[in-house]
1. Being buried (at least 20 other Cβ atoms within 10 Å of the Cβ), at pLDDT 95 or above and not aromatic (Phe, Trp, Tyr) narrows it down to one of A:GLY18, A:GLY65, A:GLY24, A:GLY93, so name that one.
2. From A:GLY43, A:GLY24, which residue is in the same structural domain as A:LEU77 (by TED's automatic domain parsing) and in contact with a strand residue (DSSP E or B) (Cβ under 8 Å, 6 or more places away or on another chain)?
3. Name the single residue, out of those in segment A:295-305 being modelled with pLDDT of 95 or more and surrounded by fewer than 18 Cβ atoms within 10 Å (Cβ to Cβ), that is farthest from the other protein chains (Cβ to nearest Cβ).
4. So which of A:GLU275, A:GLU292 is within 14 Å of another protein chain (Cβ to nearest Cβ), modelled with pLDDT of 95 or more and part of a helix (DSSP H, G or I)?
5. In segment B:1-31, what residues are surrounded by fewer than 24 Cβ atoms within 10 Å (Cβ to Cβ), under 14 Å from the mean Cα position of the chain (by Cα) and closer than 17 Å to B:HIS92 by Cβ?
6. Tell me, yes or no, whether segment A:80-88 has at least one residue that is under 30 Å from A:GLN253 (Cα atoms), touching a helix residue (DSSP H, G or I) at 6+ places or on another chain (Cβ under 9 Å), of a type in the set (A, V, I, L, M, F, W, C) and without any contact (Cβ under 8 Å) to a residue 12 or more places away in the chain.
7. Restricting attention to segment B:228-267, report how many residues are assigned to a helix (DSSP H, G or I) and either touching a helix residue (DSSP H, G or I) at 6+ places or on another chain (Cβ under 8 Å) or over 25 Å from A:ASP250 (Cβ atoms) (or both).
8. Which number in (1) away from every other protein chain (no Cβ under 14 Å); (2) crowded, with 24+ Cβ neighbours inside 10 Å marks the one condition that A:LEU6 misses?
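The values are calculated or read from the model by the stated rules, or taken from the named source; none is laboratory data. Being a predicted model, the structure only gives us computed values, none of them experimental. We place every Cβ from the backbone using ideal geometry, glycine too, and count neighbours over all the protein chains shown.
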Amino acid sequence: MTTKLLPLEELGSVVHDGQSVALGGAWLCNHPMAAVRQLVRAGRKDLHLYSLIGSIDVDLLLAAGAVSHLTFSMVTLEAFGLAPNLRRQVEHGDLQITELTGLSMEVALEAAGRNVPFLPYPALGRPETSDLVRANPGIYTHVADPFVGGEVLVVRALRPDVTIVHALRADRDGNAQFDGTFGIDDVLAKVPGTVIVTCEEIVPREVIVKTAHMTKVPGYLVDHLIEAPFGAHPTSHVPCYSLDAPEMLDYAQAAGAGEEAQASYVERIRRETEEDYRTRVLSGGRDLVLAELVRQGRILGSISA
Amino acid sequence: MTDVTSTIAEIMVCRIASEMEEVGVTVLGSFTPLAYASYMLAKRTHAPGAVMVGYNALDIPAVELSMMGSEGAAFRGSTGRWGFLTLVNTVHLANRGNVEAVSSAQIDGDASINLSVIGDHAHPKIRLPGGVGAPEVVQNYRTMLAYFGRHDTRVLTRKVDFATGGRFPIDAESREKAGLQGGPVKIITPKCVLVKTSDAPFVLESLHGGATADDVVTSTGFDVVVPTSVPETVQPTAEQLNLLRNEIDPFGTIQFDFMSGKERATYLRTMIDREWQRAADAVEARSRG
């Protein structure tokens, strides 16, 4: 059997210009950022990104000029503001977008994973309450309900060429586990096409077997496995590390400050290896503080209430 | 002793919290600090049995609101982990959604909300983040709650530039006939609470922060019905203020909803530094044994 193991540096050999790529994670949590940085380093162009709830993952690829089309339900830097490159590129007409409601996008990706052409999606009322239905006739339409009559809204299967998700750990066969935020990573991993899992750590199979309840992505779905410590940074990967808010703020300010500041932020990532990146952002014991921030989050009252 | 002079933000938090009940499920959506504070407050006071889901963590406890630690606390106190699709299939799409307060750029008199664009969708003046689950929340949850950090005719507007989501039908009887949960639409702003229970216009339910009914009418882009007598919105209690200021939101995240972009950056830096320092001190203390 050929190995699934792939060095991060070779990501560019399995993700090609012009492909559609779905990215995992949600909000400021668990985006496959090491892979995103590597796509920047590889100089990928003309990608069609799929993002349910994107943030710096999408915005950084936009900043690097890697994206020509974005299918999404939300892209935001949350407390850190609107995503500066999404704003600029859409407002200047430089980026093609397909905006969907969040839950219908999940169902559309699930349809691809089930290998069906579409799924019923009546949750937007009748007449539909969202202009997004009318704005996307190629994705939403009505079909006759064969059982009770009348019409039902359906959403077309979305089939990205490549999906990339970041896991806590996996064995060499790609059986991948999560303990914190994983968004729809389990749905994304079922989509036909190339499935790439990056993970904090590759572990012996025995470790996975002993904690089998944590496996969300079985190895038979996984094509390539990449070990990438701090691979979600600066987004969080609970329980290992929290969001790196100072780093997020630096990004938001660089991206918001105009072309020069942004270009130098992107150029620095292009020039350094992932190991250089980790050394730069985690030095001075910052890795220990990021781990401690997860523990310092306070539960109020009693959990037995 | 807590200063019992409450801010507008605190009045709004307590008003939203009062909508939380120990039925159904509340999902913590995208960054809406005022809403998060409300849920935590309800959980710590009148609704300890309310079920909240945050991130992929099920039935989470009340947690301190912060920029970096809340996620870890939610997972440490949760009873399980589910993917978003399983979650939405069992909550949003199965009539278990109770209360989730959304915050959008615009709302209109039909209760449509806009999280997509200012201007034309294809060529926008301002591209906004998008709605993620908000369209499904406002359509399917029992009560539709929308809150705003500003109350003017640009936000509470005659007609939204784009309806990212909306609610149809509105009245409880028609909703139940359509297989939906019957419940009102409520808008909470720095001036007032507005309520809508049918196709008729929003009704002014209560006022706060010194706002008058005339003020509300002129600041609102759609029709508002003003009853002959409009009460003051209920003031927070000393217990609520104490919980909010000292336990739930010691870093002051709820102020975000009332700030411009520029103000936010400075405020955020201070808040992040405080939380970072607390963790750094803990690391330091441990290393000293």
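1. A:GLY24
2. Every option except A:GLY24 fails the conditions.
3. A:ARG295
4. Going through A:GLU275, A:GLU292 in turn, the sole match is A:GLU292.
5. Correct list: B:VAL27, B:LEU28, B:GLY29, B:SER30.
6. yes
7. Qualifying residue count for the region: 20.
8. (2)
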